[in-house]
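Written out below as structure tokens is the structure these notes cover.
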């Protein structure tokens, strides 16, 4: 087919057959489901409400069918010994692997106010792992920062210097901080491509929480080398390092079901897969030439710059004639998931907006049909929540108005059949995949044994049943607000001890959902009590939203679950070298002396202005501005004096960042802080100097070695 | 600065003992911030700096000894670090910053913490490494042009864009449209909820 070896008509035919079978099955199932639903609705009065119910039911059932067929196909691929003969991994036989030379590759990590220790410890482990393969010479590392938090910025610079010093990696690990974070992550990557893209043949994109083994990176580059027509090679990263119940359940579920679903989508996507934005390798020359993102018609949030860039970049790469491949068979690629429900929803809010923007692109010319379909799937993945909500609302109204007749899906044999089919499609693939693990002795033991594994499956199913209605409400809200051009307000977190959930934040954010669920449930109970049992699974999720968020967000409960052997994954029980090393390093880093709490907020400023070495690192990374205009000098002088006399609280975040970008100001402030009489400085600085002198016996850096 | 003997007596002609005591503490802290951990060397360097400051203070007694001592310390450190590198046409403060970074990057503070301010203590190997150090935050630029290609969004998008822009230009129409939708939804709900 597609790759370097001859493009045989037999392989093309095979792929066409696969796609034909896959989509035919999905459409047949959707039609069958729709007919069943229509039959039920036609038994009573078929009015406007029934038309609405049927209309929203079709895409919902299509989604369900598509997921089920993907899972079954994936299961087929995973179970059979040959795997997927059309997968890109088959183009690199073991014998050929060692003989394929590598090409220059940049490992890039765009970051934005991330946990600095995690970022650089992750890089340290990847670097060491690559060193062990003996292929380090082909790789350079780039940390591309858009951080606007001055403390993070200074910590990043210091951590970069320390890491380079400790690994003797100057000229191998680079750091770039953009003055203006234009177009966020995609703009950051484009900035890298424009500056240094020509130096490398490939770019491996990592997220701040990504982790990849050296062997995996080497294998990916080799796969790209033997397949010159592949533009993007995406791995299927596994979730690791979850501490809360929320993160651990996602981690467990993604470990059990993820490989099967990835194998399923890879079965019919083959060379037209999507790019997930990280843990992937990209061929730089065609990426630079073809994948710059156009602005969408209209303004944000619906138009303007593209937020979910990865899907579009994959489609653009394919449009340029290159293939986008998923390689779920490659191990050693990891990422971390959101620790709490709230974090998950905040991420979904961004993804929802990004995916809805793709509506503009659905009719654009030049896309491959598969990529056009996947853009539509992306839109549908959020819109279905709204459709499900509407389906339930229409059903409720129907229940209210047909108090003597059938409720949501009718009653009797027909509705029992539809209910059974739906339940089978929802839970059947899950059960089959879980059963497969039960027959895989190695994975079963690594997941805690049969009893613990089955218990984990039951709890995980309950978890997702409770979470689904919450997601439905929030996704519906996100879709509506995006269409109306509105943002979402979140109550902010109070600082808590590590692992402790903030009840106030959760109650403020989820209290409304609980109220809505109560009103909905009580009105059902009063007006249409026969409807109530049907809605109970949905209502339960809404009622218990607050305790669910509190319990699942607790790291303590997560640790207890782990101690009980629940939600275990092979990556936890038999960690690979990179996972173990990262955990060890982070454990040591956690034992560092913490700064005084009242200095924490502006600790970066403190370090950059007080510590002579960190001050020098920062100055050496700044551009020297010769002859600044008098207005700028006056502006900075006023800021500097205010900072010294009144402390950092007297400056806005942007003013602090502006000062830190000004070479002369950083130099002047360092001199002044050390040479001024204590009484002339703000109390904050007096405390900072006292604290700094106490802890400065050891180098003050975000790294421990 | 050349090596100098331990200076046990410091008797400034001007300034109060409290002022010089604070100046001593500040200078010592500053040198400690350079990871100078050898207490004898720290004491010795601090007193040496204070002696220089005291000499200047005698000529200008209005100056605060703390400020003056720190200025002397910073000057001496700037010059010492700037001497580590051979850079042309670079201002002293920049040169000094680069010298500090080079010294740090070559493990100077960890391996030779007492070397700071000592002219001939740096071993030749370290001296050479520091001079040759050129750790930069990024490699040489090789600029590429990455510009978006023209994209035909198709007829549907064009019509949608025109409508969208039209609505944005006419806030009254947008306002009326939103209310019309709201009224329609209410009407639909009214009829849907009737048996």
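Tabulated data
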item: Residue in the range A:449-460 that is assigned to a loop (DSSP other than H, G, I, E, B) and more than 28 Å from residue B:191 (Cβ to Cβ) present; result: yes
item: Selection count where residues are farther than 13 Å from residue A:303 by Cα and assigned to a helix (DSSP H, G or I), scope the range B:164-174; result: 7
item: Residue among A:646, A:637, A:672 that is surrounded by fewer than 20 Cβ atoms within 10 Å (Cβ to Cβ), within 10 Å of chain B (Cβ to nearest Cβ) and modelled with pLDDT of 90 or more; result: A:672
item: Residues (within 13 Å of another protein chain (Cβ to nearest Cβ), assigned to a loop (DSSP other than H, G, I, E, B), over 29 Å from residue B:130 (Cβ atoms) and over 21 Å from the mean Cα position of the chain (by Cα)) located in the range A:153-200; result: A:178, A:200
item: Selected residue (criterion: nearest to the other protein chains (Cβ to nearest Cβ)) from residues of the range B:61-98 that are closer than 15 Å to residue B:33 by Cβ and surrounded by fewer than 22 Cβ atoms within 10 Å (Cβ to Cβ); result: B:74
item: Residue match in the range A:219-226 (condition: crowded, with 23+ Cβ neighbours inside 10 Å and under 18 Å from the mean Cα position of the chain (by Cα)); result: no
item: Criterion violated by residue A:142 - all others in (1) within 14 Å of another protein chain (Cβ to nearest Cβ); (2) closer than 20 Å to residue A:586 by Cα satisfied; result: (2)
item: Every residue from the range A:514-536 that is exposed (fewer than 15 other Cβ atoms within 10 Å of the Cβ) and in contact with a helix residue (DSSP H, G or I) (Cβ under 6 Å, 6 or more places away or on another chain); result: A:525
item: Selected residue [more than 14 Å from every other protein chain (Cβ to nearest Cβ) and farther than 18 Å from residue A:193 by Cα] from A:298, A:271, A:303; result: A:271
item: Answer residue from the range A:134-152, given it is modelled with pLDDT of 95 or more and part of a helix (DSSP H, G or I) and is surrounded by the fewest Cβ atoms within 10 Å (Cβ to Cβ) among those; result: A:137
item: Enumeration of residues in the range A:232-248 that are in contact with a helix residue (DSSP H, G or I) (Cβ under 7 Å, 6 or more places away or on another chain), surrounded by fewer than 24 Cβ atoms within 10 Å (Cβ to Cβ) and part of a loop (DSSP other than H, G, I, E, B); result: A:236, A:243
item: Helices (runs of 4 or more DSSP H) fully within the range A:596-656 counting 1 or more residues that are over 15 Å from residue B:97 (Cβ atoms); result: A:597-600, A:603-610, A:630-646
item: Search result, residues across the range B:30-47 that are at the interface with chain A (Cβ under 10 Å from one of its Cβ atoms) and at pLDDT below 90; result: B:32, B:33, B:34, B:35, B:37
item: Which listed residue is closer than 30 Å to residue A:546 by Cα and in contact with a strand residue (DSSP E or B) (Cβ under 8 Å, 6 or more places away or on another chain), from A:270, A:230, A:221, A:240; result: A:240
item: Residues of the range A:23-69 that turn out to be within 22 Å of residue A:401 (Cα to Cα) and surrounded by fewer than 18 Cβ atoms within 10 Å (Cβ to Cβ), as a count; result: 11
item: Filter result for residue B:126 (farther than 23 Å from residue A:169 by Cβ and either away from chain A (no Cβ under 11 Å) or not in a helix (DSSP H, G or I) (or both)); result: no
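Each row is one residue, and each column tells you yes or no for (1) assigned to a loop (DSSP other than H, G, I, E, B); (2) crowded, with 20+ Cβ neighbours inside 10 Å; (3) within 11 Å of chain B (Cβ to nearest Cβ); (4) in contact (Cβ under 8 Å) with a residue 40 or more places away in the chain.
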site: A:267; (1), (2), (3), (4): no, yes, no, yes
site: A:281; (1), (2), (3), (4): no, yes, no, yes
site: A:289; (1), (2), (3), (4): no, no, yes, no
site: A:324; (1), (2), (3), (4): no, yes, no, yes
site: A:347; (1), (2), (3), (4): no, no, no, no
site: A:350; (1), (2), (3), (4): no, no, no, yes
site: A:355; (1), (2), (3), (4): no, yes, no, yes
site: A:366; (1), (2), (3), (4): yes, no, yes, yes
site: A:373; (1), (2), (3), (4): no, no, no, no
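Quick grid of which residues meet (1) surrounded by fewer than 24 Cβ atoms within 10 Å (Cβ to Cβ); (2) within 14 Å of chain B (Cβ to nearest Cβ); (3) more than 27 Å from residue A:294 (Cα to Cα); (4) in contact (Cβ under 8 Å) with a residue 24 or more places away in the chain:
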position	(1), (2), (3), (4)
A:205	no, no, no, yes
A:214	yes, no, yes, yes
A:217	no, no, yes, yes
A:230	no, no, no, yes
A:254	yes, no, yes, yes
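Yes/no per residue for (1) out of contact with any helix residue (DSSP H, G or I) (no Cβ under 7 Å at 6 or more places or on another chain); (2) in a helix (DSSP H, G or I); (3) surrounded by 12 or more Cβ atoms within 10 Å (Cβ to Cβ); (4) away from chain A (no Cβ under 11 Å):
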residue: B:137; (1), (2), (3), (4): no, no, yes, no
residue: B:150; (1), (2), (3), (4): yes, no, no, no
residue: B:155; (1), (2), (3), (4): yes, yes, no, no
residue: B:158; (1), (2), (3), (4): yes, yes, yes, no
residue: B:176; (1), (2), (3), (4): yes, yes, no, yes
residue: B:188; (1), (2), (3), (4): yes, yes, yes, no
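The values are calculated or read from the model by the stated rules, or taken from the named source; none is laboratory data. As the structure is a computational prediction, the values presented were derived from the model and not from experiment. Positions of Cβ are generated from backbone atoms using ideal geometry, with glycine treated the same way; all protein chains shown enter the neighbour counts.
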